[in-house]
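The values are calculated or read from the model by the stated rules, or taken from the named source; none is laboratory data. Only a predicted model underlies this, so the values are computations on that prediction, with no experimental measurement involved. Positions of Cβ are backbone-derived with ideal geometry, glycine not excepted, and every protein chain shown enters the neighbour counts.
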Amino acid sequence: MDTTIRIDSITAYSFRIPLTRSFRISVGEMTVKEGILFEGRSGGICGWGEAAVDRIPFYTTETVGSVLDVSRQVFCPLLLSRSWSGISEIVAALDCYRGHRFAKAALEAMCWDIRGKQGGRSVAHMLGGTRAWVETGPSVGMKPSPAGLVEAVAHELEQGFHRIKIKVAPGKDDEYIQAVRTAFPAVSLMVDANSAYHPADLARLAEWDQYNLLMIEQPFNEHDLHYHAQLCARMTTPVCLDESIETPHLADCAMKMHAADIVNIKVCRVGGLTHTLRIHDLCAKHQIPVWIGSRLGSGVATAARLAAASLPNASFPTDAGAERAYVADDLLTTPLETRNGCELRVPSAPGLGIEVDRARLAACTTHQETQTR
Ligand SMILES: [Mg+2]
């Protein structure tokens with residue numbers, strides 16, 4: 001087996017997939033999913049990676065436009081410029097450039113897919129994953145009324161899910177959480193604020209211990225490790241950091257400040273699977289459980305997340321895959337395999353273990369461009 005990675009061409013596809021229903025979180029509402037797929041060709045092998053961004057800076061500062069630009073100007077020419085000894089050398093080269101972690105994660109996933117197909121191993125296996133199936137749980141967006149939210153949660157429970165996450169923000173919190181908790185006293189329930197609260201809300205948030213939540217996710221701004229640490233000290237409910245954990249270094253700082261009881265690792269936010277593994281291992285060393293978060297997108301991104309969710313310290317259900325109901329088309333030839341309504345099989349075929357349906361991709365593509373070596 002050739003142990004080097006030599007990429008001949010990279011094609012970027014901007015895609016646009018309608019959502020089956022709109023999705024609202026604290027910062028806004030989404031009705032269509034836009035993103036970028038990268039296809040890398042190496043000899044007869046092709047690998048895929050997805051940048052889980054949006055047209056506007058909705059969850060991250062990166063956008064479809066910024067990913068296209070930085071990949072065109074910097075990352076694709078870099079990847080095509082030489083042969084690479086392995087993924088870690090590619091990651092080190094990408095990390096010479098600041099930020100743009102969603103773009104880096106997509107291109108790194110493409111390289112993992114190629115690498116896995118070269119060696120006949122799944123990405124999950126190469127990472128050290130230990131689970132063949134992972135439990136998933138849905139993220140329920142904000143609804144106009146508490147009754148509407150209870151109805152949406154009931155719908156998810158009927159699908160077979162056990163872990164329910166609801167989005168909260170000031171004015172969309174106590175009444176809504178209380179309504180869901182009253183309707184479903186025993187359900188495994190967590191809330192995600194996507195940074196919607198301020199340090200002045202700390203005492204009020206601490207009162208949410210009364211709701212017996214699995215965790216409260218990212219109540220404060222991503223830069224507020226100090227206030228998250230204060231909340232951790234004040235609540236018995238575990239505090240989970242999501243947006244704050246952008247790098248292994250920030251994860252290390254958060255652990256040392258006791259700013260998180262749980263960490264949500266989004267593969268795209270931390271710059272790829274290599275950094276995901278580093279944060280996973282670091283958290284394990286500090287006995288902090290993690291779980292793998294998700295963003296709306298296609299099955300290509302989901303496959304990379306499932307590989308990460310198979311890791312041993314990924315102890316809580318993942319969002320990955322549970323968002324499928326929102327996306328009208330996931331661009332795969334064969335859908336990801338489900339069991340019992342709430343479990344997804346970690347792809348075990350070489351690479352990411354998925355195949356892109358080119359006709360469906362073509363139908364969703366709004367722009368494409370190719371660079372060659
Ligand atoms: Mg979150």
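So, A259, is that one of a type outside the set (D, E, K, R) and either over 22 Å from the mean Cα position of the chain (by Cα) or assigned by TED's automatic domain parsing to the domain that holds A109 (or both) or not?
no
Name the residues in the stretch 207-264 that are away from the ligand (no atom under 16 Å from the Cβ) and of a type in the set (S, T, Y), would you?
Residues satisfying the conditions are Y211, Y227, T236, T247.
Being of a type in the set (D, E), more than 16 Å from the ligand (Cβ to nearest atom), modelled with pLDDT of 95 or more and surrounded by 17 or more Cβ atoms within 10 Å (Cβ to Cβ) is the requirement here; does D192 meet it?
no
What's the number of the only condition in (1) without any contact (Cβ under 8 Å) to a residue 12 or more places away in the chain; (2) not in a helix (DSSP H, G or I) that Y97 fails to meet?
Tallying (1) without any contact (Cβ under 8 Å) to a residue 12 or more places away in the chain; (2) not in a helix (DSSP H, G or I), Y97 fails exactly one: (1).
Return only the number of the condition from (1) within 16 Å of the ligand (Cβ to nearest atom); (2) crowded, with 22+ Cβ neighbours inside 10 Å that M110 does not satisfy.
Going through (1) within 16 Å of the ligand (Cβ to nearest atom); (2) crowded, with 22+ Cβ neighbours inside 10 Å one by one, M110 breaks only (1).
Within the bounds of the stretch 349-367, is there any residue that is more than 16 Å from the ligand (Cβ to nearest atom), within 30 Å of H249 (Cβ to Cβ) and in contact with a Lys or Arg (Cβ under 8 Å, 6 or more places away or on another chain)?
Yes, the stretch 349-367 has at least one match.
Would you mention how many residues in the stretch 265-300 are in a loop (DSSP other than H, G, I, E, B), within 13 Å of the chain's Cα centre (by Cα), within 16 Å of the ligand (Cβ to nearest atom) and not hydroxyl-bearing (S, T, Y)?
Result for the stretch 265-300: 9.
With (1) part of a helix (DSSP H, G or I); (2) buried (at least 20 other Cβ atoms within 10 Å of the Cβ) as the list, and T182 as the residue in question, which single condition is left unmet?
Just one mismatch for T182, condition (2).
Can you name every residue in the stretch 185-195 that is assigned to a loop (DSSP other than H, G, I, E, B) and among the hydrophobic types (A, V, I, L, M, F, W, C)?
Listed by number, the residues that qualify are A186, V187, A193.
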